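Have a look at the structure below before the remarks.
The values are calculated or read from the model by the stated rules, or taken from the named source; none is laboratory data. Predicted model only: the values in this text are computed from it and were never measured. For neighbour counting, all protein chains shown are included, and Cβ atoms are generated from backbone atoms with ideal geometry for every residue, glycine included.
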Amino acid sequence: MHDTLFVTGASGQLGQAVIQHLLTTEGVSPARITAGTRDPAKLADLAARGVRVVALDFDQPEAMAQAFAGTGRLLLISTDALDRPGRRLAQHRAAVAAARAAGVGHVLYTSMPNPDDSLVPFAVDHLGTERALRESGLPHSILRNAWYQENLLMELGPALERGQWTTAAGEGRYAPIARDDAARAAAAALAGTAEAGRIYNITGPELLGMDDIAAWAGQVFGRPVAAVKLDEATRTGILVQAGLPPFIAPVLVASEVNIRAGKFALLSDDVRALTGRAPAPLAATFAAIRDAGPPAA
Ligand SMILES: NC(=O)c1ccc[n+]([C@@H]2O[C@H](COP(=O)([O-])OP(=O)(O)OC[C@H]3O[C@@H](n4cnc5c(N)ncnc54)[C@H](OP(=O)(O)O)[C@@H]3O)[C@@H](O)[C@H]2O)c1
């Protein structure tokens, strides 16, 4: 029983990919895996394969300890509750408290790069969750996921269309990771390669600036694209005009300003150490999109 692996947020994009990697890449038997999600009906296919699928909602703390009972290793995937400051941290604290009450053997948490020195407004959620884990006394590991390469895809189409990729990231660089590589790393870590007490920086294989990203887009799609560096206000206006919710646009721009300030400039070999395999470069993710068909403008 103690070797049960539990994944929270299991119907999210990362959660689903983690479970696929547990089953295929790590060869974990479905009977050892529990998938926790707010909507178990979404994971009927996993249940049919023998994965235990349970209802789990960080907003319903009273039911969580029971759901975690008997769990050996738990992957706590951060939620997307950014609508109200403090809400996500309260959710994560409740999950950590439930893991403690259930006597979970080891908790892994998906954090972000350098949450202790960040201009990103929601960094406090990750910092607070890391702290809650330390204070819980539970054996735990932190997976500090770099920004996904897929975050760039939202703007790839318009950038190719206009030949311009606008940004507030200036000359800053970061090492975006394919979501699937972050999932592969989380699955390997959960299945056993993560050591308690360690922080892993889950980065892509190369530090890239927006000039590099624009150039890769141009090269892969065969069209010239140049990065256009803007101040925060102008960039925020462009994103709002493009239809981004007004509470998301400033968060996205703050991430770019964080890159500009050098606070995301982290490159690590931890993915290879956890998985035995190098993560994919951004050009490969762009090429996969190109090969799947033209991006929407
Ligand atoms: N590194 C990056 O660039 C980046 C980008 C976007 C997001 N993130 C973070 O990484 C997480 C996973 O990314 P993703 O791409 O899989 O995002 P996603 O597809 O938007 O998934 C959202 C996740 O939040 C979970 N969730 C929401 N409310 C919850 C609640 N009340 N209780 C428990 N879980 C809840 C969902 O679980 P269920 O629906 O299964 O309940 C799901 O796993 C996100 O939630 C966010 O914290 C990171």
The residue that is nearest to the ligand (Cβ to nearest atom), considering only those in the range 32-42 that are assigned to a helix (DSSP H, G or I) and in contact (Cβ under 8 Å) with a residue 12 or more places away in the chain, is 42
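Based on this model, can you work out whether residue 18 counts as away from the ligand (no atom under 11 Å from the Cβ), buried (at least 17 other Cβ atoms within 10 Å of the Cβ) and of a type in the set (A, V, I, L, M, F, W, C)? Break it down into steps so the answer makes sense when it comes.
Details: away from the ligand (no atom under 11 Å from the Cβ): no; buried (at least 17 other Cβ atoms within 10 Å of the Cβ): yes; of a type in the set (A, V, I, L, M, F, W, C): yes.
Spelling it out, it is not the case that residue 18 is away from the ligand (no atom under 11 Å from the Cβ), buried (at least 17 other Cβ atoms within 10 Å of the Cβ) and of a type in the set (A, V, I, L, M, F, W, C).
Please list, ordered by residue number, the helices (runs of 4 or more DSSP H) wholly in the range 150-228 having 1 or more residues that are within 14 Å of the ligand (Cβ to nearest atom), in contact (Cβ under 8 Å) with a residue 40 or more places away in the chain and over 19 Å from residue 283 (Cα atoms).
Passing ranges, in order: 179-188.
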I'd like the full set of residues that are more than 11 Å from residue 138 (Cα to Cα) and part of a loop (DSSP other than H, G, I, E, B), limited to the range 86-113. 86, 112, 113
Please state which one of 83, 45 is surrounded by fewer than 23 Cβ atoms within 10 Å (Cβ to Cβ), more than 9 Å from the ligand (Cβ to nearest atom) and either at pLDDT below 95 or part of a strand (DSSP E or B) (or both). 83
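Which ones in the range 48-78 are in a helix (DSSP H, G or I) and touching a Leu at 6+ places or on another chain (Cβ under 8 Å)?
Hits for the range 48-78 are 63, 64, 67, 68.
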Can you tell me how many residues within the range 69-80 are touching a strand residue (DSSP E or B) at 6+ places or on another chain (Cβ under 7 Å) and surrounded by fewer than 19 Cβ atoms within 10 Å (Cβ to Cβ)? 2
Any residue in the range 4-24 that is more than 22 Å from residue 271 (Cα to Cα), in contact with a helix residue (DSSP H, G or I) (Cβ under 7 Å, 6 or more places away or on another chain) and of a type in the set (Val, Ile, Thr)? yes
Report, ordered by the first and then the second residue, all pairs with beta carbons closer than 7 Å, sequence separation of six or more or different chains, a first member in the range 54-68 that is within 17 Å of residue 19 (Cβ to Cβ) and in contact (Cβ under 8 Å) with a residue 12 or more places away in the chain, and a second member that is outside any helix (DSSP H, G or I) and among the small types (Gly, Ala, Ser). 54/36; 56/36; 67/36
Collect the residues in the range 76-111 that are more than 15 Å from residue 132 (Cα to Cα) and touching a helix residue (DSSP H, G or I) at 6+ places or on another chain (Cβ under 6 Å), keeping them in residue-number order. 79, 81, 102
Consider residue 66 carefully, then state whether it is within 13 Å of the ligand (Cβ to nearest atom) and surrounded by fewer than 22 Cβ atoms within 10 Å (Cβ to Cβ). no
Tabulated pairs, the range 266-290, first farther than 27 Å from residue 115 by Cα, second surrounded by fewer than 18 Cβ atoms within 10 Å (Cβ to Cβ), C-beta under 7 angstrom, 6+ apart or interchain: 289/153
